[in-house]
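A short write-up of the structure that comes next.
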Amino acid sequence: MSTATRAAVLVESGRPAPYASSRPLEVMSLRLDPPGPGELLVRVGAAGLCHSDLSVIDGSRPRPLPMALGHEAAGEVVATGGGTEFAPGDHVVLAFVPACGHCPHCAGGRPALCEPGAEANGNGTLLGGGLRLTGADGGRPRHHLGVSAFSEHIVVSARSAVRVDPRLPFEIAALFGCAVLTGAGAAFHSARVAPGDSVAVFGLGGVGLAALIAAKAAGAATLIAVDVVGSKRALARELGATHAVAGGPDAVEAVREITRGGAEKVIDTTGVVAVLRQAYLATGRGGTTVTVGLPDPSRELALPALSLVAEERTLKGSYLGSCVPRRDVPRFVSMYRSGILPVDALLSHRLSLEEVNEGFDRLHTGEAVRQVIVF
Ligand SMILES: NC(=O)c1ccc[n+]([C@@H]2O[C@H](COP(=O)([O-])OP(=O)(O)OC[C@H]3O[C@@H](n4cnc5c(N)ncnc54)[C@H](O)[C@@H]3O)[C@@H](O)[C@H]2O)c1
Ligand SMILES: [Zn+2]
Ligand SMILES: [Zn+2]
């Protein structure tokens with residue numbers, strides 16, 4: 001039997017801000033097919049607004065449309081199509097890369113690089129190729145990153161889901177699916193922040209602040225927070241940043257001065273190529289620059305090439321924080337529970353599904369950190 005749901009569907013990309021007037025996302029009634037084998041029907045409890053959604057809305061990350069947007073969510077399993085280890089009543093966090101478990105990258109312990117997962121995400125289908133939503137006009141919206149989180153109910157591959165402690169409120173649990181996996185993973189796995197390190201984080205949105213609190217937890221001694229928005233720098237200071245620097249070309253010199261020659265680890269979470277270049281230039285001899293930003297695919301990066309060799313520098317991309325969601329979500333949740341990762345601090349606004357366009361205005365202007373739609 002199909003399920004009725006209301007979901008925010010992106011009908012056209014590239015409409016101008018403010019989105020409260022151009023309304024690129026339409027909240028509509030849809031039918032949801034029952035879950036097939038290896039799939040779950042999930043009642044969404046909460047869904048976060050991420051810049052990766054905004055990049056699909058503004059057209060800098062092209063995706064097939066119409067698409068039921070959203071990819072950061074937590075909810076409760078209502079039914080399964082069999083062949084999974086999940087049962088109705090389980091609480092789950094959804095990761096935005098479904099991992100097949102069999103491709104060379106999954107087999108090699110890097111599920112964030114899953115090939116069938118990337119192909120399904122690029123096509124806007126669930127893992128295995130299916131579409132599960134149908135509109136009143138018979139149209140079939142695509143799925144965003146296997147999740148389509150801005151919906152009361154969703155059908156997902158069980159390979160997108162991680163079971164979590166049901167005592168965790170959905171609005172906090174949701175953040176672990178993207179912001180925390182990506183940001184904390186970038187600090188722990190990709191930058192390998194170690195006790196005593198000097199660390200700079202460029203961009204203090206949901207992902208950047210998650211990287212910052214993880215760098216703190218890993219023992220960063222000098223922790224520099226860089227953003228163009230003053231309120232975000234102030235929040236970062238409350239969360240343990242030792243220095244705050246205003247974003248812009250002068251940030252490079254400021255970081256180099258504080259660290260006497262450049263930080264050992266620099267994490268860029270802005271998605272802006274010019275800022276990634278600044279992050280590289282703010283990194284010291286022997287240091288590592290990690291980027292999680294997803295700029296427009298047409299953009300290229302120019303760097304002083306000699307420094308890579310003569311200064312033994314490392315520049316790394318980090319997708320899904322190089323995490324293994326089934327290992328890392330429970331670990332990060334237990335770090336949250338013990339107070340080591342204060343994830344609540346990322347949550348700046350709670351919205352209804354109908355307020356989704358207004359929420360993206362707040363993300364676009366920089367007024368919000370992480371906003372969650374609470375169902
Ligand atoms: N690699 C991954 O797996 C992954 C996962 C999630 C998000 N992302 C990407 O990470 C990026 C960040 O996502 P988010 O949701 O945290 O976005 P966000 O919009 O909440 O945060 C970006 C921050 O960068 C700041 N910024 C902009 N220009 C700056 C400058 N010149 N100097 C310093 N700071 C500046 C903004 O003020 C903002 O606080 C996006 O590109 C998103 O698509 C990647
Ligand atoms: Zn995201
Ligand atoms: Zn795989």
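The values are calculated or read from the model by the stated rules, or taken from the named source; none is laboratory data. It should be emphasised that the depicted structure is a prediction, and the values quoted were computed from it without experimental measurement. Ideal geometry is used to build each Cβ from the backbone, glycine not excepted, and the neighbour counts take in all protein chains shown.
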- Message: Scan segment 275-286 and tell me whether some residue there is within 24 Å of the chain's Cα centre (by Cα), farther than 26 Å from Pro62 by Cα, more than 15 Å from ligand 1 (Cβ to nearest atom) and not in a strand (DSSP E or B).
- Response: no
- Message: Can you pull out every residue in segment 78-105 that is more than 16 Å from ligand 3 (Cβ to nearest atom), in a loop (DSSP other than H, G, I, E, B) and either of a type in the set (Gly, Ala, Ser) or farther than 30 Å from Gly183 by Cβ (or both)?
- Response: Gly81, Gly82, Gly83, Ala87, Pro88, Gly89
- Query: From the residues in segment 95-121 that are without any contact (Cβ under 8 Å) to a residue 40 or more places away in the chain and within 16 Å of ligand 2 (Cβ to nearest atom), which one is nearest to Tyr319 (Cα to Cα)?
  - Reply: Ala118
- Can you spot a residue in segment 145-159 that is touching a Phe, Trp or Tyr at 6+ places or on another chain (Cβ under 8 Å) and among the polar types (S, T, N, Q)? no
- Query: (1) within 15 Å of Asp90 (Cβ to Cβ); (2) more than 18 Å from the chain's Cα centre (by Cα); (3) not hydroxyl-bearing (Ser, Thr, Tyr): which one isn't true of Gly139, the others all being true?
  - Reply: (1)
- Task: Specify the residue that is surrounded by the fewest Cβ atoms within 10 Å (Cβ to Cβ); the eligible residues are those in segment 48-72 that are of a type in the set (Gly, Ala, Ser) and either farther than 15 Å from Leu133 by Cβ or within 16 Å of ligand 3 (Cβ to nearest atom) (or both).
- Result: Gly59
- Note on the structure: Restricting attention to segment 9-28, the residues that are acidic (Asp, Glu) and within 18 Å of Ile373 (Cβ to Cβ) number exactly 1
- Query: What do you reckon, is Val92 within 16 Å of ligand 1 (Cβ to nearest atom), within 28 Å of Met335 (Cβ to Cβ) and either in contact (Cβ under 8 Å) with a residue 40 or more places away in the chain or outside the structural domain of Pro34 (by TED's automatic domain parsing) (or both)?
  - Reply: no
